[in-house]
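The values are calculated or read from the model by the stated rules, or taken from the named source; none is laboratory data. The shown structure was predicted, so the numbers you read here are calculated from the model rather than taken from an experiment. Because the Cβ atoms are built from the backbone with ideal geometry, glycine has one as well, and the counts that use them run over all protein chains shown. In case anyone asks, the SASA skips ligands and DNA or RNA and just uses the protein heavy atoms, side chains included. Shrake-Rupley method; radii C 1.70, N 1.55, O 1.52, S 1.80 Å.
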Amino acid sequence: MSAETYDVAIVGGGPAGLSAAIELKRRGVAKVALFERGTELGGIPRHCGHPPFGMREFGRILTGQAYARRLAGAAVAAGVTILAKYTVVHTGPDGLLTVASPAGIQTIQAARILIATGAREATRAQLLVPGVRPLGVMNTAALQAFVYQEGRIPFRRPVIVGSELVSLSAILTCRSHGIRPVAMVETEHEVQARPAFFALPRVLGVPVMTGAQVLAIEGSPRVTSVRLRLADGKETVLDCDGLIFSGRFIPEAALAEASALALDLGTGGPVIDQHGRSSDPNIFVVGNMIHPIETAGYCWAEGRRVARLIAAELANARNAEPDKTPGRRIIAGAGLKYVVPQRLTLEGRGTVPALNIRAIGAARGRLILSDGSGTVLRTQSVNTAPQKSIRFSLAGLNLAVDSSDLQLRLEPRP
Amino acid sequence: MTAFGDLVDAVIIGAGVVGCAMARRFSVEGASVVVLERAPDILSGASKANSAILHTGFDAPPGSVELQCMQSGYDEYMQIRESFNLPILETGAMVAAWDDSEEGRLPELLDQALLNGVADARLLGRAEVLAREPALGTHVRAALLVPREIIIDPWSAPLAYAMQAKALGARFQFNAGLLSARFDGDLWHLETPSGTLAARSVINSAGIQGDSVERMLLGEAQFEIRPRKGQFVVFDKAAAKHLRTILLPVPTARTKGVVLTRTIFGNLLVGPTAEEQEERERPDVTRPELDMLIAKAVELVPALAQAQVTAVYAGLRPASEEKHYRVHCLPEKGYFCAGGIRSTGLTAALGIARHVHGLWAQSRTAGGERFAAPPTFPLPNLAEHLPRDWQTPGHDGIVCHCEMVTGREIEAALGSPLPPGDFGGLRRRTRCAMGRCQGFNCLARLASLTEGRLSVPIAPEVDP
């Protein structure tokens, strides 16, 4: 049996994958298939019953659910072939995909593959949190699926661990369903999202405890309490009936790993160039797998940008050889968790967007970009909250002069 | 099936791997059986947290009951496994030596293996070890290779034993801890939360509570459980490519030590610790020990420094004040005990059951009739290297994406003759929520799919 063929096969139906699919169709790409392993499109936003979503995409403020529905509707209207309940189990090389569905396993052939499988929150196990393992311990996304998708209340008095944007989303989700968080606990010494946002828990009477360590989760069969060591070294026990581990996002990179794409230790996701191209020239990657984590709007814009490049590449010549220029590496130096992209292809089409950077902890000081000989090419001063991403513009720099590795590092303010 | 209140030949206390094997053996031999389990499901104690290896007994004490039970258990597993569709992963094991003193002990371990009848064990030099396992730390010195040590599914196997017992008429009573017991000179009268039952004999396979059960039955116990906590770390499936052979340390007098092994589900597992403690009901994980296990794994296989953790867990092994199994009986009271099965229980269970049934049969003049051809049935395969349900059309969609568990598998487990009593039981039967996202994607859906079908629900409340 010959494989079914598409121009572009997109893996993952969240904001990045949907926006790329819509844009590809808009640019005249004939056969675009989107494979979604779940039953419905929309990705993480479909779990969020609260605003703000959609400003950049639709010019109005929507709940995550309304936003997800709207984006999915646009993809259908654009003529994207939507294949829900289809799991891509392997990709490449040469644009081959192995796909499992309730109908069985099949092979798909695509001129280009776009992976947009997103990210997930770190689990209690990954964070090596001590204690016993009762029911009632989950991530924010699971809580949101409980209340928004399944109409269930998993607990009434949880403790939220984490203080990122998604942790605030957890508070909003709880409060809209009569769940009253007991406390918000952050292991670092400062909140991870912009401090001004933490007026929300204060107004709602949820104490925010920074610098607190979880010493033990207790209870059987359900959570009954959590034991903490507070910033001042004192121990305390909070009675609660659940724990929400929020944030500390990890790329959903299983497919990329199975497909032997080169991975970046900083992000945990695939290594890409500024066009989103992975180490396999037929495979592009967009969305939160390459930068855990950005907003839905950011992923949407990125999906659109990469889709334009793919459309142009396919239009230039049918079955055009993909761009295989080796390019120039960018290394995340001292003080930085990651720099995206990790590679710049100098001959490639399209513009070089700003670098997307995350520091280890809060970034206060100066970012320094240098080349292989140590010559400083550009600096930029920064002052941001720990989990906030930083943009570093490359505009105006002539990077084609040599091919040595570039390095970006953070020099902390003394 | 045996009805509550009927007089039964044997009441088995505890539905861990030993209790499940015991129920199967007694049922196959024609005895009427009731199994009392205090938890909502089988395998809720030490049996849910082991390293899932079928051991040859190469390092067991020569001439011991433990060795005899391990070897007969191993053989019986291999005989029956195909009729229950129970998987094996033939990896072999290496006892690796990392310094002079460990290397010096390998010849005596080889002698012990040969004495124990493990004739294919042999020593490997450093080059052979590294040729077999190129990802090992290069400071490895030598190893004892034991080819027939293999990996099994630690939960489907005992489930098969229990299901066969059930098919032969055994009754499993869950949430049924023993409240009191009285022997009237002829029969036992056992009080449980769901009523009193009468039995000609009692088999104690109560694991971590083995001594308290013996004390409740006999007034005193001839052994004392000294709980030994074992913590484990499960690495993501991407890590499994770094190791094929089970990696055992040179054992100490007290414990088999920390093992690094694949699991049949495609992960890599490191553990257990061996922590003596008084506490019997709280198998908690602790940060220094988890850090130690991860460091140990990285020391053995340096590439694991980049590996992600999928799960952590702990179990309390029912060690006693002596190293050996505590198998004993009082035939005149119809009391039989398989206690102190601190380790190797997964391998030995079928052998222990055969051994204890032998003691029981000697003490009796009459009994039921043996089933010449007891019914068998294939269990769903959960092993990663063999065909899974998602690969067969018509599975109703994948519910758990990390472990590729289908709606059809969830439904089959919930509707089986021995359905799960709690979420842990469903996880062990299907692998749902056992993968890298630990329920990030599927937990809420599972709460709905299992509504009204688990005695301990995942989330009891529906939004009003």
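A few comments on the model shown:
- Hull-based mean projected area of chain A, where the convex hull spans the alpha carbons, in square nanometres: 21.6 nm²
- Stokes-Einstein translational diffusion, the stretch B:389-449 - Kirkwood Rh over all Cα pairs, 1.567 mPa s, 4 °C, in µm²/s: 113 µm²/s
- For the stretch B:362-406, the alpha carbon convex hull comes to 183 Å³ per residue, rounded to a whole number.
- D by Stokes-Einstein for the stretch A:329-414, Kirkwood Rh over Cα pairs, 20 °C, 1.002 mPa s: 163 µm²/s.
- Approximating the spin labels as points 7 Å out from Cα along Cα→Cβ, the B:Asp291-to-B:Ser64 distance works out to 3.4 nm.
- Amide H contacts for A:Arg328 (H built 1.01 Å from N in the peptide plane; partners 5 or more residues away or on another chain; cut-off under 5 Å): A:Leu344, A:Thr345, A:Leu346.
- Set of aspartates and glutamates with alpha-carbon distance to B:Lys323 below 12 Å, sequence-local pairs under 8 removed: B:Glu66, B:Glu224
- Calculated FRET efficiency, A:Leu172 to A:Glu4, Cβ-Cβ distance, R0 = 51 Å: about 0.75 to the nearest 0.05.
- Sorted largest first, extent of the stretch A:22-179 alpha carbons per principal axis (Å): 51, 39, 26
- FRET E, pair A:Thr224, B:Glu278, Förster distance 22 Å, beta-carbon r, rounded to 0.05: 0.60
- Computed P(r) (all Cα pairs; the protein assembly as shown; 20 Å bins; percent): 14, 43, 33, 9, 1
- Using θ = phi - 60° in the Karplus curve 6.51 cos²θ - 1.76 cosθ + 1.60, the 3J(HN,Hα) couplings for the stretch B:223-239 round to 8, 10, 6, 10, x, 10, 7, x, 9, 9, 10, 9, 8, 4, 4, 4, 7 Hz; x is entered for Gly and Pro.
- The residues of chain B expose, per residue, 36 Å² of accessible area to a 1.4 Å probe.
- Probe 1.4 Å - accessible area at A:Tyr86, Å² to nearest ten: 50 Å²
- Projected label distance in nm at A:Ile360 and A:Val376, using a 7 Å step from Cα toward the beta-carbon: 2.2 nm
- Each Lys and Arg adds +1 at its Cβ and each Asp and Glu adds -1 at its Cβ; summed about the Cα centre, the protein assembly as shown shows a dipole of about 2660 debye.
- If R0 is 45 Å, the Cβ-Cβ spacing of A:Arg391 and B:His385 corresponds to a FRET efficiency of close to 0.50.
- Taking the protein heavy atoms of the protein assembly as shown in the context of the full set of protein chains, the accessible area attributed to carbon and sulfur is 53 percent at 1.4 Å.
- Restricting the calculation to alpha carbons of chain B gives Rg and Dmax of 22.0, 69 angstrom.
- Among the GluC sites (Glu not before Pro) found in the stretch B:237-281, those both in a DSSP coil and sparsely packed, with 13 or fewer other Cβ atoms within 10 Å of their Cβ, are B:Glu278, B:Glu279, B:Glu281.
- Longest exposed-site-free window of chain A, the sites being GluC sites (Glu not before Pro) in a DSSP loop that have at most 16 other C-beta atoms within 10 Å: A:191-346
- For the stretch A:123-247, the Kirkwood hydrodynamic radius from C-alpha pairs, put into Stokes-Einstein at 10 °C and a viscosity of 1.306 mPa s, yields a diffusion coefficient of 111 µm² per second.
- Links that overshoot a 28 Å alpha carbon limit, given the list B:Lys48/B:Lys241; B:Lys166/B:Lys333; A:Lys234/B:Lys237; B:Lys241/B:Lys296; A:Lys25/B:Lys241; A:Lys31/B:Lys241: A:Lys234/B:Lys237; A:Lys25/B:Lys241; A:Lys31/B:Lys241
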